[in-house]
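The values are calculated or read from the model by the stated rules, or taken from the named source; none is laboratory data. Please read these numbers as outputs of a predicted model, since none were measured by experiment. Cβ placement follows ideal geometry from the backbone for every residue including glycine, while neighbour counts extend to all protein chains displayed. To get the accessible areas, we keep the full protein, side chains included, count just its heavy atoms, and leave off ligands, DNA and RNA. Shrake-Rupley method; radii C 1.70, N 1.55, O 1.52, S 1.80 Å.
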Amino acid sequence: MSTRYIIVGAGVAGATACQALRERDPEGEIRLFTEEAYPFYSRMRLPEVVSSKVEPERLVMRGPAWLEQKAVRFHPGEAVQHIRLDPLGVVTPKGEYQADRLLIATGGYSFVPPMPGVDLKGVFSLRTMADAIQIRDQASIARKALIIGGGVLGLELGNALRLRGLEVSVVEVFDRLLPRQTDPKAAEILRAAMEAMGFRFHLGVKPKEIQGEGGKATSLLLGDGGCLEADIFLVSAGVRPRLELAKSAGIRTDKAILVNDRLETSIPNVYAAGDCVQHRDVYYGIWPAAEQQGRIAGMNMAGAEALYSGTVMSNQLKVLGIDLLAAGHIDPENHLESEVSSDPARYVYRKLVYQENRIVGTILLGDISGHKKILEAIEKKRSLGPLQGSVFKELDSL
């Protein structure tokens, strides 16, 4: 009898697990469940739907033809309500399904702070394709947008709305943009570049309350007493792991679902991968980690002995045509030795962070040339020898 596999969640972790499973087990039954209407799509490109640059279908990466080729039984719009442990399986509104091995790849959800007014009409957050379509439709009749949160997604979403012709303001409680990806100098250069393109920033201020009239949001009251008006409000305050299924099944969780190096949970034959897991006390929440975890979980579900040892934390984005890559320990407080190459007039800032004769982190803004070699050096913990302090000169001469 062939092995029965169930994967809950059709994001990058779930889809990659399907691929890995089918490569090792051509005969097993694979069922893939998602509460969304779409199969695996690029969540990172959702702002392009908001800007109307692409239609939603263009974001699908592994659609019906791929699922049919891999003989994956796809269950779109069928949310898993419970994980049953004895016998192992899932319960959905349409029925019960049994499994020999099960993967939880439920990802995360947009965190919305408990602030008055977040439930008013005209207030959105972006996580799913349905969210992107809703925001796009609302933006078509708006003039002013207010982004609450100056992180990666907030800035990319703001840029999508700017491309639609909206005035865009960003409110960030931290005193600089992208606090996880920049140090103060990089953030200053990025801010100057974005202001030159029309963005308005309110940094170091706390959003206090979204106010409205007739049930619709009209303004944001700030902690310093200021007030900003807008037609559409986007809350971009980060992502939290979805844990409800794991918790109700008695699976061990901390900040996220706890897994070992094989991506196994505390329950036999139940695995987890992606934005819902915590591995060796680290919660990643980034695409490369979810992809690696999905592949290793899928391999192990099919009988392999693959181990996950972690992923170098990195983010790469393009805002207003400006490339930004941050990886590893970026040392914003400048406690470690670093090598910096800066050209504010061109909106370029490059930084390498050194520790024990190795590159342990980097910020590349406006010029990411050589980034593959730099990331490889970080990941492989490669010793630099006499190159330390002159890496950029070496790369620029190539």
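Numerical summary
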{"item": "Amide hydrogen neighbours beyond the local backbone of GLN355, cut-off 5 Å, H modeled", "result": "VAL360"}
{"item": "Relative contact order (%) - criterion: Cα under 8 Å, at least six apart; region: the chain", "result": "16 percent"}
{"item": "The chain - percent of accessible surface contributed by carbon and sulfur, probe 1.4 Å", "result": "48 percent"}
{"item": "Distribution of pairwise C-alpha distances over the stretch 309-387, 5 Å bins, in %", "result": "3, 15, 27, 26, 17, 8, 3, 0, 0"}
{"item": "Heavy-atom surface of the stretch 35-112, accessible at 1.4 Å and reported per residue (Å²)", "result": "52 Å²"}
{"item": "Karplus 3J(HN,Hα) series, Hz, for the stretch 367-383 with 6.51 cos²θ - 1.76 cosθ + 1.60 (x for Gly, Pro)", "result": "8, 9, 4, x, 5, 5, 5, 5, 4, 5, 5, 5, 5, 8, 6, 7, 6"}
{"item": "Calculated [θ] (222 nm, deg cm²/dmol) that DSSP helices of n ≥ 4 give over the chain, each run adding -39,500 (n - 2.57)", "result": "-7000 deg cm²/dmol"}
{"item": "Rotationally averaged projected area of the chain (alpha carbon convex hull; nm²)", "result": "21.5 nm²"}
{"item": "Inter-site label distance for GLU209 and ARG180 at 7 Å from Cα along Cβ, in nm", "result": "3.1 nm"}
{"item": "Accessible solvent surface per residue of the stretch 251-351, calculated while the other protein chains remain in place, 1.4 angstrom probe, Å²", "result": "44 Å²"}
{"item": "Span from the the stretch 1-63 Cα centroid across to the the stretch 205-268 one, whole angstrom", "result": "24 Å"}
{"item": "Check: the chain dipole with +1 on Lys, Arg Cβ and -1 on Asp, Glu Cβ, in debye", "result": "300 debye"}
{"item": "The stretch 245-398: relative contact order as a whole-number percent, Cα under 8 Å and 6+ apart", "result": "14 percent"}
{"item": "Amide hydrogen neighbours beyond the local backbone of ARG164, cut-off 5 Å, H modeled", "result": "none"}
{"item": "LYS144-ALA71 pseudo-label distance in nm [points 7 Å out on the Cα-to-Cβ vector]", "result": "6.0 nm"}
{"item": "Antiparallel DSSP beta bridges within the chain, as percent of all bridges there, nearest 5", "result": "60 percent"}
{"item": "Amide H contacts under 5 Å for LEU88, placed H, 5+ residues apart", "result": "ALA99"}
{"item": "Difference of contour (0.36 nm per residue) and Cα-Cα distance, ARG262 to MET61", "result": "69.7 nm"}
{"item": "Exposure rule at most 14 other beta-carbon atoms within 10 Å, DSSP loop trypsin sites (Lys or Arg not before Pro): the chain longest free segment", "result": "281-379"}
